[in-house]
1. Count, please, the residues in the range 85-117 that happen to be within 30 Å of Val414 (Cβ to Cβ) and in a loop (DSSP other than H, G, I, E, B).
2. Quick one: how many residues across the range 295-325 are over 30 Å from Pro83 (Cβ atoms) and among the acidic types (Asp, Glu)?
3. Of the residues that make up the range 242-259, is at least one outside any helix (DSSP H, G or I), touching a strand residue (DSSP E or B) at 6+ places or on another chain (Cβ under 8 Å) and more than 27 Å from Gly368 (Cβ to Cβ)?
4. Which condition number does Ser70 fail, the rest of (1) over 15 Å from Val224 (Cα atoms); (2) at pLDDT 60 or above; (3) polar (S, T, N, Q); (4) in a helix (DSSP H, G or I) being met?
5. Give Gln421, Gln425, Gln355 a once-over and let me know the one that is modelled with pLDDT under 95 and either polar (S, T, N, Q) or closer than 17 Å to Thr85 by Cα (or both).
6. Picking from Arg382, Arg360, which residue would you name as being crowded, with 20+ Cβ neighbours inside 10 Å and either in contact (Cβ under 8 Å) with a residue 24 or more places away in the chain or out of contact with any Phe, Trp or Tyr (no Cβ under 9 Å at 6 or more places or on another chain) (or both)?
7. For the range 362-389, which positions are over 28 Å from Pro82 (Cβ atoms) and acidic (Asp, Glu)?
Amino acid sequence: MATPTLSSGARLLAAPGDQHRELLTPEALALLAALHAAVTGRHAELLAEPAGTATAATATTADGPARRASQRDPAWLVAPAPPGTERRTVEVVASPADPAASARALSSGADVWVADLDDATPDDWASLLAGQRALREAARLVRSTPRPEPATGTGTPGGPTAAHRTTRWRGARSAAGPAGTARPHRLPPQPNPAGAPRIVLRPRGWQAVERAVLLDGRPPAAPVVDVGLFLFHHLAARRTVAAPPPGLVLPRVGHRGEALRWHRLLLAAERLLGLEPGTVTVTVPIERVRAATEAEEILFVLRSRPAALAAAHHAYLADLVETVSAERPGTVLPERDRLPVTAPFLRACTDLLVQVGHRRGAHVIGSGTTATADAAAVGAARLVLEREAEDGFDGTRVADPALVPTARAAFAPVLRGRSHQLDRQRPEVAVTAAELLAVRRTAAPPGPEGVRAARQLVAGYTAARSEGRATVVIEGAVHDAASVALAVAQLRQWSRHGPAGARGDRQPAAGVGAPPAVPGVSPSAPPEGPAAGACGPPAGAGRRAPG
């Protein structure tokens, strides 16, 4: 049977199935082909390290060679959050490909549902299409009665200014698609309908490719497919319903060049869909040490659209372990239970994010908790959430929808009815990149229980992947690809660099062998140089890299 050609320049190599065929319409595929053409020429260029950027170990966040005009100019701010998006007190993270998880997220009472196609969704074609279909149906179901936002105060940065009140955004074109002649719809942004969270997509990163589709004869970068289908169907489903603009969580942004790549993809999508430039809102989780040193520059690149920062504890620790292993082979970090968020180098990162984000008018979301509501550790999770609120975060994330009330209660005494804490500028914070890497006081070999826990997590996640799931609950915590990537990074470090022997040589920690290959988790950090190719990793590379 010949491979069907459904759109000029687009070809499906894997049948979508009858239930998903309506997602891959000729109009939707035409959008994907146009997006692919728009970003292909810039992809390799933007993978390369921007000229003049210092490494994470030598750059500083407030002085030295990394300081640029974007940091010196005190005047610029990111675009303000549109109405209906100012309150982000609680965000719930769940895979849209899991019907039960989607239903729980939609009924959780959270302000935002982060629909995770990246770390929490199996990367097979059927699962990805199931997630897109669920997102389209969820957009159709979210309708009618708006709920009022708590008062934010007219003098609060990021509050309901005149610019907010007059903002307008244009919805998707009609079924004629991006190449049609239908007139774009203009929809006034409104608060979320009662009880329904705003849907925000976390697509796969640029290191992944989608091999089930060929666009102009080549497999496209995964973000082209994930973002294109989401925006096309999400906007089409809601073009007759007042709603906040669509939003994305941008995974694995390592430096400002990668932020620029996302920005250009979104500008192309907005142009093709008839949206005003800067309509799509973005959140950048800081998942790389280098990204923390360039957080202000990342916001500067994205400043023409509403942008936010977010802490990402597991992904950031995984990158920190990889960085320390490469730059300081003799330094070994202990198991994750001995790396709390209060560790000085992690506290330096979170303090820096709050200061930089709020100074530039951007919301900052805490890493939150992966605990389940029935876990014995829920009390400790509550303390983490309360600490984030006291530190100035505007909201947090939970993996279990049942913890939404707990998270909201943790922030209530600090917010006192406001939507955010953008007025907490944290001028006392002065963090350098050296402090982000100051791990020596925490360095220690792992204990036997820590090694066993890491190996148990890897084994449990591998078993879950064999059953078509991308998350696993172990000892009262929800683990996804980012959590497992940390376990893999630590097992690798422990297997290579143990405590010093009598002659100063390094031996593997006792009882640690090299970690096994894990489905969906790359054995090393994703490439950041032009060798990654024009549209993704080299031929034969996997879909996903550690987050």
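The values are calculated or read from the model by the stated rules, or taken from the named source; none is laboratory data. Keep in mind it's a predicted model, so treat the numbers as computed, not measured. Here Cβ is always computed from backbone atoms with ideal geometry, including for glycine, and neighbour counts include all displayed protein chains.
1. Restricting attention to the range 85-117, the residues satisfying the condition of being within 30 Å of Val414 (Cβ to Cβ) are 85-94, 101, 104-116.
Pick out the ones that are also in a loop (DSSP other than H, G, I, E, B) and you get 85-89, 107-111.
Residues that pass the stated criteria total 10.
2. Looking only at the range 295-325, we keep the residues that are over 30 Å from Pro83 (Cβ atoms), and these are 313-325.
From what is left, the residues that are among the acidic types (Asp, Glu) are 319, 322.
Looking only at that region, the number is 2.
3. Filtering the range 242-259 for residues outside any helix (DSSP H, G or I) gives 242-255.
Checking the rest, the ones that are also touching a strand residue (DSSP E or B) at 6+ places or on another chain (Cβ under 8 Å) come to 242-251, 253.
If we keep only those that are more than 27 Å from Gly368 (Cβ to Cβ) as well, we get 242.
Within the range 242-259, one or more residues are outside any helix (DSSP H, G or I), touching a strand residue (DSSP E or B) at 6+ places or on another chain (Cβ under 8 Å) and more than 27 Å from Gly368 (Cβ to Cβ).
4. Among (1) over 15 Å from Val224 (Cα atoms); (2) at pLDDT 60 or above; (3) polar (S, T, N, Q); (4) in a helix (DSSP H, G or I), the lone unmet condition for Ser70 is (2).
5. Values: Gln421 fails: modelled with pLDDT under 95; Gln355 fails: modelled with pLDDT under 95.
Result of the check over Gln421, Gln425, Gln355: Gln425.
6. Numbers: Arg382 fails: crowded, with 20+ Cβ neighbours inside 10 Å.
Exactly one residue qualifies, and that residue is Arg360.
7. Those that are over 28 Å from Pro82 (Cβ atoms) and acidic (Asp, Glu): Asp374, Glu386.
Okay, residues lined up against (1) of a type outside the set (Gly, Ala, Ser); (2) closer than 25 Å to Leu106 by Cβ:
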site	(1), (2)
Ala377	no, no
Ala399	no, yes
Ala407	no, yes
Phe411	yes, yes
Ser419	no, yes
